[in-house]
Amino acid sequence: MRRKYLLYPEEQKQVKQEIIKVLELDAQNSITLYDLDHSDKREKIMNLLPKIRSYFSLSRSTAISNPDKFDRPHLTIIKQLTKDEYDMVSADWRIQKDNHIIRTRKYYYIRTTYLYVYIINVLKHEKIKFPPIVK
C-alpha cells in the first residue's frame, strides 16, 4: 500500500493552502488565539476534517481521530498540517475590548526556507550574542 503523501501530494498542498486562507493572516502573518476562538474560522477548520482524513495519514493524531477530547482541536490540526511549510512562533498578547484587557496568544507564521533553517543552525552552533536593544 502506498503512503498518502505519495498518492495525494497536490490534494495535501491544496488543503494546507485552504487552512492558511481560512486563518486570514494579517500583514505580520499572524493571528491571535482570541480571534481564532471567537470567529467562524474554528468551524471552517473543523469542516475540513473529512478532506484531512482522506488525504493525510494522521492516525496517531487524536485531534483528528477524536476531536471531542480537545478544547481546541482546530489549533492542533493547524499546527500539525502547517508545520512543514511554516514555523509557528507564539507570544503573549493583550487585546483591549470594551475597557477590558484580554490576555491571549499571538501566533506568527514564518515561512520555513532552507536559508531560515541554515541561519538558525548557525546561530545555535556559533552561539552568537546579539547586542542589547537600546531604548
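The values are calculated or read from the model by the stated rules, or taken from the named source; none is laboratory data. The shown structure was predicted, so the numbers you read here are calculated from the model rather than taken from an experiment. As a convention, Cβ positions derive from the backbone with ideal geometry for all residues, glycine included, and neighbour counts pool all protein chains shown.
With the condition kept exactly as written, say whether any residue in region 6-20 is at pLDDT below 85, surrounded by 12 or more Cβ atoms within 10 Å (Cβ to Cβ) and more than 23 Å from ILE110 (Cβ to Cβ).
Taking region 6-20 as the starting set, the residues that turn out to be at pLDDT below 85 are 6-9.
This time we only want the ones that are surrounded by 12 or more Cβ atoms within 10 Å (Cβ to Cβ), so: 7-8.
Right, trim to more than 23 Å from ILE110 (Cβ to Cβ) and you get 7-8.
So far as region 6-20 goes, yes, one or more of its residues are at pLDDT below 85, surrounded by 12 or more Cβ atoms within 10 Å (Cβ to Cβ) and more than 23 Å from ILE110 (Cβ to Cβ).
Just to be sure before I move on: is PRO73 in contact (Cβ under 8 Å) with a residue 24 or more places away in the chain and either surrounded by fewer than 18 Cβ atoms within 10 Å (Cβ to Cβ) or more than 23 Å from GLN96 (Cβ to Cβ) (or both) in the structure I sent? Break it down stepwise before answering.
Details: in contact (Cβ under 8 Å) with a residue 24 or more places away in the chain: yes; either surrounded by fewer than 18 Cβ atoms within 10 Å (Cβ to Cβ) or more than 23 Å from GLN96 (Cβ to Cβ) (or both): yes.
Considered against the rule, which asks whether it is in contact (Cβ under 8 Å) with a residue 24 or more places away in the chain and either surrounded by fewer than 18 Cβ atoms within 10 Å (Cβ to Cβ) or more than 23 Å from GLN96 (Cβ to Cβ) (or both), PRO73 comes out as yes.
Restricting to region 1-22, what's the tally of residues that are closer than 30 Å to ARG103 by Cα and either in a loop (DSSP other than H, G, I, E, B) or aromatic (Phe, Trp, Tyr) (or both)?
Taking region 1-22 first, the residues closer than 30 Å to ARG103 by Cα are 16-22.
From what's left, either in a loop (DSSP other than H, G, I, E, B) or aromatic (Phe, Trp, Tyr) (or both): none.
Going through region 1-22 one residue at a time, the tally reaches 0.
Does any residue in region 23-35 that is within 20 Å of ILE101 (Cβ to Cβ) and in contact (Cβ under 8 Å) with a residue 40 or more places away in the chain come within less than 9 Å, Cβ to Cβ, of a residue that is of a type outside the set (Gly, Ala, Ser) and in a loop (DSSP other than H, G, I, E, B) six or more places away or on a different chain, and which pairs are these?
Close Cβ pairs (under 9 Å, with a partner that is of a type outside the set (Gly, Ala, Ser) and in a loop (DSSP other than H, G, I, E, B)) amount to ILE31/GLU24; ILE31/LEU25; LEU33/ARG72.
Could you check region 54-70 and list, in sequence order, the residues that are part of a helix (DSSP H, G or I) and surrounded by 16 or more Cβ atoms within 10 Å (Cβ to Cβ)?
TYR55, ALA63, ILE64, PRO67
Out of the residues in region 96-111 meeting the condition of being part of a strand (DSSP E or B) and more than 12 Å from ILE31 (Cβ to Cβ), tell me which one is farthest from the chain's Cα centre (by Cα). Walk me through how you get there before you give the answer.
Quick first cut of region 96-111, residues part of a strand (DSSP E or B) only: 96-97, 100-111.
Narrowing further to those that are more than 12 Å from ILE31 (Cβ to Cβ): 96-97, 100-103, 110-111.
Details: GLN96: 24, LYS97: 25, HIS100: 27, ILE101: 25, ILE102: 21, ARG103: 19, ILE110: 10, ARG111: 11 Å.
Result: HIS100.
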